[in-house]
Each structure stands twice: as C-alpha cells, then as structure tokens.
C-alpha cells in the first residue's frame, strides 16, 4: 500500500469507526482500500467460532461483506476482481477453504464476500455486516427518476447493519467527486464533525509516494482554475498567501494555504493546463458546482476568434468562391419558433488544415461558415433551402466530407443527401457531452480557428454545465449556434482520428496520411 493509504486504513480500523466517507483523487488506490476494508471485516468474522450465534442470527445464512459498484459490470470487474486476487494469494484466507466464484466468495455458511451494484436491491434482505459504496458520487447518473440512488442505498444499508450488528458493522463511501451536490460530497460535509464517521479527502498526488514523483513542481490556483506562472511568483497574493520562491520548495503548502493554492508535481502539468476544471475535480478532489460555466476561460474563446478567420456568411449571402482544398464537415441545427420570432437554422462548416505536433498531433480545425438562416416572414424554415446551400457548395467545388443534422425533421434530408452521394447522418449534441467536450478541449488546446462571430461568442461564454452530464444555456438564453459549431467540430475530429490513426500489432499508435 501507499503509506498514505495504509495510514488512513489503520486510522479507520483502530479508531473503531462504524462509517467512513472518503473523497479521493483518481489513481489514489481507492479500489485497493475498498478491498482491504472489506477483507478486514471478513477476517474479523472468520476469527469467530460462530459469528451468527454471537450476533443472534440464523446459522444457515452467511454474514455478508459487499462491495457496491455503479453497475454490475463495474462492481465485478474492478473491485471484486481485486478481492478474488487478494483471497487467492493469501495463505490465511485460502486456509479457510473458500469457494471462489465469479461474483461471490463463500467461506462455508459463516461469511460471504459479495459483489453488488446500484441497481440491485436484493442484497437488502441479506445479513450485511460491511458494505462499501464505490464511486457513489456517480450512482445518480443511472437514475431516470432523479432519485439519489447512493443516498437511498446508504440509508437502507446503515439501518440494517446497525439493527443487526450495532457499532461492529461498517458502511463506507469512497469516491472521487462529481459536483458539489453529489451524495459523497454532501455526506462528507455533514459528517466532518462527527465522532463516529471517519472523513478524509486526498488529492491523487498526496496519496502517492512523494519520492516516486518528479522533483519539479508547479503552482495551481484552484479557485481561479489556472496555473500560476513563475513570472507571477514574486508578490503573488491570494487571501493571506504570498507566493515566494522559498515556499514552493515543498510539495504542499498544507494547512490553510491549500485553500487557495496547490503545489503539484510536474507530471500532472498537462492535465491541469489543458482541462483545469476536470483536473481539479478528478485529481484534486475539488468538486465543481452542480450548475457551473462550461467554458470558464473567456480568454481562450477570444483567442480562438482572434486569428483573422473570415466568415463566408455576411448575414444574408454565402461567399462560396475560392473553395478550400480540404474536405468540409457541416452541422445544421434547426431552431423552433421561439417567442413568435419564426424558425431559424444554424449552419456551421469546418475543415482540418493540419496537425499540431506539440499537442499530440491533434487536428487543427478551421471554421469557414457560422451562419444564422432565418425563416421568411417569421414562418417555418424550409428544409429544402438548407439542402440547397449544401448543393450550391458542391456546385462551387467545395468537397463535402459529411453533413450532420439534429433530430428535427432530419430523416428526409439525410435520405436526399445520401442519394446525391453526400454522406449524411443524425448527430445530437444534447444526448452526450462528447461533441461539446471535444470543442472545449480544442479551444483550450488552441487548435480551433473561428470567425469573430458575435452570436457564437456570446453563447460560448454563457454555456452552463448541469451536474456534469449536460450542457445547457442560461434562462432566456440560447445555444443553437454553439450546437452547430460543436456538431461540426466533433464530426471533423472523429473523422480525422478514424482516417489518420491506426493501431499495429502491439497496440502502439502511428500517424499516417490518408
């Protein structure tokens, strides 16, 4: 075990805690700690001559220690696989003559190690002695009724364990955070001052052995979500903190200084540089807001639009002269009649103009068209007019690689375009974070070139991230233009990866021309 994990494990066991809530960064041995906790509880029971008799239970039913995962597959393949390996490699546990199966490990009628998941409620009838909810912050993602599944399982487990085993039982929650209102973060806040609940939070770099991490470090302001450059060190102030060359020699500030600034080993620099919000959450255990801005850096949006890219749409007409040599990716988003203003369509077109060697050969994407096409006389948009724009581009010798549309009245258009030899398909930017995440990564990496188009700029700067699973617009706002841009960009990126990357026999990645 990492020393930090072993120390935490020892505190939970020796402190005789009946509950624990642990917020841990990705890669900080969460799974290992879950296994250790469950196996220790099983070990205690197996040391008893007759645990059922001791706790006043029927002798024919085993006492259960269970790991709860987000899904049955995750519970079995991640945690339970490690539990099985622990048992199979342990001389002591193998001496108890276990029957090791795919999802259970049985020690006669005394004890059973079990793999459960957030959708399975059948375990609630068992004699559960110890349960650990792994990655509990993400259980709600599978709940269509918007009920907090993690909280429901936790409360039911706690009641049953206490009723059967009193303070001897154990319920643990261990997860990286999702957002500030998720179950683990809420439970952590509620239990921080409790004497019966062990609470701890640990960023990834603090969980790992400091001696095995790089000697160089960087400074990250996790409130402003940005790296503090060395040129800013002298005199940099945040709250009561003054940053100097002397106080960054240690890995961490500690105490109150961690409230503002983190000192992080250099190997995490790229993650915090390219996606600071995600790195703060997944590695630093700092939960974001349940509703927060999706793109927090206005400067990066401005930079993407400051490269002199000309919009081939002037508000009324398209300039299709001098067609580019690269293939074009188009996404069309149709807006319904909002507020009696009539339908409109957003039409975006982009292309790959090269690859950035310093950013893992990520495609450099250039947007030629960002257009709002209004319906005549505040009426309905004519789908045929949108198809005609695509056909006009083909007639003007623009090579169309692919056209994607949202679901609204798209099927006929897709059939007609495919019939004319133009690849077309449906792509929704609302059912998955993928298209918007791709666009955000591209903007942060400096590989997106857009025209300085005010409607698009306004929308990008006001996009909201809802519970880390949906991008939406603010009240009375819109995101139709950014939808069309995200759709076109994502289509372009996916096509480039499929066309330019191949895996050889030993699974290493090679880049090649089409």
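The values are calculated or read from the model by the stated rules, or taken from the named source; none is laboratory data. What you see is a predicted model; the values in this text were computed from it and never measured. Note that we place each Cβ from the backbone using ideal geometry, even for glycine, and neighbour counts take in every protein chain shown.
Between 404, 437, the distinction of being assigned to a strand (DSSP E or B), crowded, with 16+ Cβ neighbours inside 10 Å and assigned by TED's automatic domain parsing to the domain that holds residue 349 belongs to 404 only.
Residues that are assigned to a strand (DSSP E or B), modelled with pLDDT of 85 or more and in contact with a helix residue (DSSP H, G or I) (Cβ under 6 Å, 6 or more places away or on another chain) occur in segment 321-329; there is at least one. Candidates are the residues of segment 441-469 that are crowded, with 21+ Cβ neighbours inside 10 Å and closer than 22 Å to residue 138 by Cα; the one that is modelled with the lowest pLDDT is 468. Scanning segment 150-178 for residues being more than 15 Å from residue 129 (Cβ to Cβ) and touching a strand residue (DSSP E or B) at 6+ places or on another chain (Cβ under 9 Å) gives a total of 8.
If you check 125, 95, 116, 69 for being exposed (fewer than 14 other Cβ atoms within 10 Å of the Cβ) and modelled with pLDDT under 90, only one passes: 125. The set of residues from segment 16-53 being surrounded by fewer than 21 Cβ atoms within 10 Å (Cβ to Cβ) and over 32 Å from the mean Cα position of the chain (by Cα) comprises 16, 43, 44, 46, 47, 48, 49, 50, 52, 53. Once segment 9-36 is narrowed to residues that are assigned to a helix (DSSP H, G or I) and in contact with a strand residue (DSSP E or B) (Cβ under 6 Å, 6 or more places away or on another chain), the residue that is modelled with the highest pLDDT is 12. Would you mind telling me which numbered condition in (1) closer than 19 Å to residue 487 by Cβ; (2) surrounded by 17 or more Cβ atoms within 10 Å (Cβ to Cβ); (3) in contact with a strand residue (DSSP E or B) (Cβ under 9 Å, 6 or more places away or on another chain) residue 375 fails? Just one mismatch for residue 375, condition (1). For residue 417, the criteria (1) part of a helix (DSSP H, G or I); (2) more than 20 Å from residue 369 (Cβ to Cβ) hold in every case but one, which is (2).
Selection of segment 181-190 for residues being surrounded by 17 or more Cβ atoms within 10 Å (Cβ to Cβ) and touching a residue at least 40 places away in the same chain (Cβ under 8 Å) yields 182, 183, 184, 185, 187, 188. Let me confirm something: among 471, 429, which residue is outside the structural domain of residue 137 (by TED's automatic domain parsing), in contact (Cβ under 8 Å) with a residue 40 or more places away in the chain and assigned to a loop (DSSP other than H, G, I, E, B)? Of the residues listed, the single one that is outside the structural domain of residue 137 (by TED's automatic domain parsing), in contact (Cβ under 8 Å) with a residue 40 or more places away in the chain and assigned to a loop (DSSP other than H, G, I, E, B) is 429.
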